[in-house]
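Derivation of every value follows stated rules applied to the coordinates shown; laboratory data play no part. Keep in mind the model is a prediction, meaning the values are calculated, not measured. As a convention, Cβ positions derive from the backbone with ideal geometry for all residues, glycine included, and neighbour counts pool all protein chains shown.
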Amino acid sequence: MITLTVLAATAGCGTHATPPSPVRFAGGARTSAALHTTPPGKHSLVQWPTRPITFTEESRVGGAGRNTPIGVTTLHGPRSGFTGKVWVWAPPEYYEKRNANKGFPVMEALPGSYGYPVNYWIGSDLKLEESLAQWSKNGTSLPFILVMPVLNPNDKQYYDGSDIPGQPKIGTWLSQDVPDLVRQNFRTLRTRDAWAIMGSSSGGFAALKNVLQNPRAFKMAIPNGPDIVPDSPLWNGHAKEERENNPEVLARRLIARGGPEVYVAFQDGSREYTVLPKVRKFIAQYGHGPVHTRLQIVPGGTHSAATYVKGLGEGTMRWVSAHMQGPTA
């Protein structure tokens, strides 16, 4: 795995003068169920929350985020059996009365490196939430619900976002348990057109692999400075299973069967000299048919989360949003 540069791992987007507060997202209201209206009919695209829980408020997002909360919980994944932390955030539009009966698109954002025990996208240094709020305000992005799970079960090994035999089922955790948590707690949409997965470096590999492996769950991936093939040492002795989690193999199969169509928005810094050639080769070989690709190169950018947030605002989010379903009643 390539070492990813991040800024200071700030715990959140603000500080607490008092102990953290409980927060619930199901109805969209910040204080109570004031905006909780009647769920849409059975023919609506809206997926109403099914089993909402109370999160712990981690911090609040200022600026364009309009003091919206980031919540955190420890999820015991019923499908994977894995237990880990998950952070969630809803954009300001989610709380507006005019959107009270609308489902929102979702982005699962994965960190790089080991991505444990925190997910750096919650940090006030990178300002991902505040930036997403600003981009949706100025019309260059859809307003996304953001879910940010840990990427690995420890900081000793990479698990390639996969179900490696004999190891915690991180692939199932990322592709099923975490999305289920969102559906249980937020107004989402009953279509893969409203689901994206993003990640950096090792998280970028997991995002690329997931959209190709689970195209009926995710329509869009944003791999930032990604690895292209599995490289966890835990695959040793499991060549068949490793192949089943190889994006090159998965892309060939998806193309051969003609879909479903997926969209892959690669991002790299212009100074990522070892990563860029591999990404360009992947696009040249597999960026056709049902696999739609785009490459955002950030001038002067390095293998860093700050580079990728910059790239999101320089064109990636506009392209991503153009191919996804926005808030819908």
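Taking H as built 1.01 Å from N, whose amide H comes closer than 5 Å to the amide H of I70, not counting residues under 5 places away?
E58, S59, R60, V61
So if I place +1 on the C-beta of Lys and Arg and -1 on the C-beta of Asp and Glu, and nothing else carries charge, what would the dipole magnitude of the chain be about its Cα centre? I want it in debye, nearest 20. Kindly include the intermediate steps, with their values, before the conclusion.
Numbers: 34 positive and 24 negative charges, 188 e Å.
The dipole of the chain has a size of about 900 debye.
Using a 7 Å offset from the Cα along the Cα-to-Cβ direction at both L45 and K278, what is the distance between the two label points in nm, to one decimal?
Between L45 and K278, the simple spin-label model gives 3.6 nm.
Summing -39500 (n - 2.57) over the DSSP H runs of n ≥ 4 in the chain and dividing by its residue number, what mean residue ellipticity at 222 nm do you reach, to the nearest 500 deg cm²/dmol?
Computed mean residue ellipticity for the chain: -6000 deg cm²/dmol.
Under the 0.36 nm per residue contour assumption, what length would be gained going from the current alpha-carbon distance of K85 and E244 to full extension?
Full extension of this stretch gives 54.6 nm more.
Would you calculate the separation in nanometres between label points at W319 and I53, each defined as 7 Å from the Cα along the Cα-to-beta-carbon direction?
Reported label-point gap for W319 and I53 is 3.6 nm.
Each residue of the stretch 273-285 in turn: what ³J(HN,Hα) in whole Hz from Karplus with 6.51, -1.76, 1.60 and θ = phi - 60°, glycine and Pro shown as x?
5, 8, 7, 3, x, 5, 5, 4, 5, 4, 4, 5, 7
I need the shape label for the chain. Rule: rounded when a/c is under 1.5, else prolate if a/b > b/c, else oblate, with a, b, c from the alpha carbon gyration tensor.
Rounded, since a/c falls under 1.5.
In the stretch 50-322, what is the count of Lys pairs whose alpha carbons are under 18 Å apart, counting only pairs at least 8 residues apart or on separate chains?
Step by step, the pairs that qualify in the stretch 50-322 add up to 14.
With springs only between Cα atoms under 10 Å apart, run a GNM on the chain and tell me which of K127, K310, K240 wobbles the most.
Looking only at K127, K310, K240, the biggest GNM fluctuation is shown by K240.
Name the residue farthest towards the positive end of the dipole of the chain from the options W319, H43, A256, assuming +1 on Cβ of Lys and Arg, -1 on Cβ of Asp and Glu, about the Cα centre.
Of the listed residues, the answer is H43.
Give the angle, between 0 and 90 degrees and rounded to the nearest 10, that separates the Cα long axis of helix 247-257 from the longest principal axis of the Cα atoms of the chain.
80 degrees
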